[in-house]
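Below is one structure, written out as structure tokens; the observations come after it.
The values are calculated or read from the model by the stated rules, or taken from the named source; none is laboratory data. In this text, all values refer to a predicted model and were calculated from it rather than measured experimentally. Here Cβ is always computed from backbone atoms with ideal geometry, including for glycine, and neighbour counts include all displayed protein chains. Side chains are part of the model used for accessible areas, which takes the heavy atoms of the whole protein and leaves out ligands, DNA and RNA. Shrake-Rupley method; radii C 1.70, N 1.55, O 1.52, S 1.80 Å.
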Amino acid sequence: MRKQIVAGNWKMNNDTLETAALLDALNAAALPEDVRVMVAPAFTQLTQAKTLTENTAIEVAAQNMNAAASGAYTGEISAKMLLGIDIQTVILGHSERRAYYNETDASLAEKVTTAIENGLEIIFCFGEELQERKDNVHFDVIERQLRVALFDLPASAWKNIILAYEPVWAIGTGETASPEQAQEIHAFIRQLIAKQYDAALAENTSILYGGSVKPNNATEIFSMQDVDGGLIGGAALNADDFLKIVMAF
Ligand code: PGA
């Protein structure tokens, strides 16, 4: 059975004091046992977040990783470095990284390969831009993003893949995909996986929705059959909001 997951992508927010305050508040809450709850702080706060969530159910993920094992890549972080501080999950392919740091389907395929080789779990983000939806090519875009970065993986690697459909036009804009729009895409993705691999693998893959998920829309979005949770940006910076979303299933 696939897992329900709520992951908070903190982006470039939360310094040491803010990380402590937010995690204290999350630690004080009784979390549902059937939902995986994750936070993805900046690299500098990963160790702090690991320490503060020790012996809790909250998991800590990284926001990015380099494809190379090591070497002359100033400012970059390797899979081994993440594993060295016991980080088991990494977000790859976020639309902000695609847009501002030139990540492409091809470069993401390399990161995916490295992450899988190292036994890391991946939250793989993808989704169409506004113009692509207007031009009615969003299904093609999504299929290409998944095919190039993920569909060469062996079936055995998919136990380490969490998908996060994030339409770019809904990220940080306050505009969400309607629950029906999210469901339509999620069902399409599951069909693609079933065709490429098999139905059981597709059924077991968690597909999260991301893009302006808030306490007031989470229940409706999460109630969709093929939506298995959310990747949360802005609302993950506020403990009350994030906890309401965690409880929204
Ligand atoms: P948002 O961000 O919830 O602020 O729209 C989502 C994301 O970027 O993952």
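Table for the structure above
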quantity: For segment 1-64: rounded, prolate or oblate by the Cα gyration tensor [a/c cutoff 1.5]; calculated: oblate
quantity: Global form of the chain, assessed from the alpha-carbon gyration tensor, a/c cut-off 1.5; calculated: rounded
quantity: Computed [θ] at 222 nm, helices only, for the chain once each DSSP H run of length n ≥ 4 contributes -39500 (n - 2.57); calculated: -11500 deg cm²/dmol
quantity: Listed residues Asp228, Asp86 arranged by accessible area, highest first, probe 1.4 Å; calculated: Asp86, Asp228
quantity: Within the chain: Cβ-based charge dipole about Cα centre, in debye rounded to nearest 20 (Lys, Arg +1; Asp, Glu -1); calculated: 260
quantity: Asn216 versus Ala155: modelled label distance in nm, points set 7 Å from Cα along the beta carbon direction; calculated: 4.6
quantity: Of the DSSP H helices in the chain, those whose Cα atoms cover at least 15 Å axially and whose Kyte score averages -1.0 or more; calculated: 16-27, 105-117, 138-150, 179-196
quantity: Over 21 Å between alpha carbons, listed pairs Lys134/Lys195; Lys3/Lys244; Lys11/Lys214; Lys159/Lys195; Lys159/Lys214; Lys50/Lys111; calculated: Lys134/Lys195; Lys159/Lys214; Lys50/Lys111
quantity: Accessible area per residue, Å², the chain with all protein chains present, probe 1.4 Å; calculated: 45
quantity: Fraction of accessible area attributable to carbon and sulfur, segment 1-138 (%, probe 1.4 Å); calculated: 52
quantity: Relative pair counts by distance (%), Cα atoms of segment 119-174, 10 Å bins; calculated: 22, 46, 25, 7
quantity: Distance from segment 152-204 to segment 82-103 (C-alpha centre basis), Å; calculated: 18
quantity: Global geometry of segment 78-133, whether rounded, prolate or oblate, following the gyration tensor of its Cα atoms and the 1.5 cut on a/c; calculated: prolate
quantity: Length added when fully stretched, Asp240-Gln131, from 0.36 nm per residue minus Cα-Cα; calculated: 35.8 nm
quantity: Electrostatic dipole magnitude of segment 1-135 [Cβ: Lys, Arg +1; Asp, Glu -1; Cα centre; debye, to 20]; calculated: 80
quantity: Rel. contact order, % - alpha carbon contacts under 8 angstrom, at least six apart, the chain; calculated: 21
quantity: Radius 11 Å from Cβ of Leu208, net charge of other residues (Lys, Arg +1; Asp, Glu -1); calculated: 0
quantity: Span per principal axis, largest first, for the Cα atoms of segment 31-148 (Å); calculated: 48, 42, 23
